[in-house]
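Structure first, commentary second.
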Amino acid sequence: MHIDFAPPSNGTYNNAGSSRQLANYLEHEDLERMEKDIYTEGFFNLTEDNIYKSVVIKDIDSNIGQLLKTDAKFYAIHVSPSEKELRAMGNTEQDQAEAMKRYIREIFIPEYARNFNKKLSALDIKFYGKIHFDRSRSNNEQNMHCHLVVSRKDQTNKKKLSPLTNHKNTKIGIIKGGFDRVNLFQQAEQGFDKLFGYDRQQTESFDYQNVMKNCSISEQLNLQKQDIQSDERKIEVDQNSNIENKTTSNQTLNQESNQASDSFISFVSSGAGFQYNLEEQISKPKKKKKKRHNL
């Protein structure tokens, strides 16, 4: 699962002003799919689906109490499953879209709220999501992903919430709380695996990718060594399992063979199926025919 916060810019992701430009961009795929008569998804939040773009813009743009002109008014977040993760979410685009909305509502937004360390819940977060099914610069067969527009202020329009702060659970100073992005990525990943019963390999995990990208060469080599050892253990387990299965199969065949032999001996011994008793025929002497004498 790839999660990232779009950096503010002067273009689509300019978050110092209105959310209109971003909302317009998020709806462009719908127009293309509707022309081809292909399934589309509207905006959604924690409890509602198919929300109009105008509602999204008005709600985000009006929730800016006490923010300065140059302050960020909202944040854009991308949530992008891998192809393997998408297969675990459903077989059709519609199934995957429903699974994505469930994941955002039940896992991602609650974890996002908790990471501010201000005793917030999902109900305190004002956000709107928009699912896209295509990615222009990708050759993958499946590219469904989700864009989130999250207000800088909470639902009450009183608390400032910034996921881009470098503070983490601070208790002294002007800023209280903070935000732990690494913990968010870890918890969101674990929540996904539990929600969809996904068997994540070590090389797919955030921790693995984070070490390989940001840590020292020695730490990278140590992690790769652990991965190799893990693969070797899996191979050994599979081999032992195959041996046990083969042994069990041979024992079953031997038992069946012995049972068949016992049944055959019993069958012969009892004389069942014969028209006469073989032992009696062997023990009885044959009668000699008397010769007639001609007078």
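What is the gain in length, in nm to one decimal, between THR203 and LYS160 on full extension, counting 0.36 nm per residue of separation less the C-alpha to C-alpha distance?
Going from the current span to full extension adds 11.9 nm.
For a 29 Å ceiling on Cα separation, which of these pairs sit above it: LYS58/LYS213; LYS126/LYS194; LYS84/LYS213; LYS53/LYS213; LYS118/LYS194? Numbers along the way, then the final one.
Numbers: LYS58/LYS213 40 Å; LYS126/LYS194 25 Å; LYS84/LYS213 21 Å; LYS53/LYS213 38 Å; LYS118/LYS194 25 Å.
Table pairs above 29 Å Cα-Cα are LYS58/LYS213; LYS53/LYS213.
Given labels modelled 7 Å from the Cα in the Cβ direction, how far is it in nm from GLN21 to SER82?
Distance between the two pseudo-spin positions: 3.5 nm.
Which FRET efficiency value, to the nearest 0.05, is calculated for ILE228 and GLN186 with the Förster distance at 30 angstrom and r the Cβ-Cβ distance? Mind showing how you got there, number by number?
Values: r = 23 Å, r/R0 = 0.78.
Taking R0 as 30 Å, the efficiency between ILE228 and GLN186 is 0.80.
For ASP134 and LEU67, FRET efficiency with R0 = 35 Å and r from the beta-carbon atoms, rounded to 0.05? Walk me through the numbers on the way to the answer.
Working: r = 34 Å, r/R0 = 0.97.
Result of the calculation: an efficiency of 0.55.
Convert 4 °C to kelvin, take the viscosity as 1.567 mPa s, use the Kirkwood radius over C-alpha pairs of region 2-200 as Rh, and evaluate the Stokes-Einstein diffusion coefficient in µm²/s, rounded to a whole number. Before the final figure, lay out the partial values.
Working: Rh = 17.5 Å.
So the translational diffusion coefficient is about 74 µm²/s.
Report, please, the projected area of region 51-157 averaged over directions, based on the convex hull of its C-alpha atoms, in nm². The partial results should precede the final answer.
Values: hull surface 32.5 nm².
Across all orientations, region 51-157 yields a mean hull projection of 8.1 nm².
Would you mind pulling out the separation of the Cα centroids of region 118-152 and region 24-101, in Å?
6 Å
Bear in mind that the values in this text are calculations on the coordinates, not laboratory data. Bear in mind that the values here come from a model prediction, so they are computed numbers and not experimental data. Quick reminder, even Gly has a Cβ in these numbers, built from the backbone with ideal geometry, and neighbours come from all protein chains shown.
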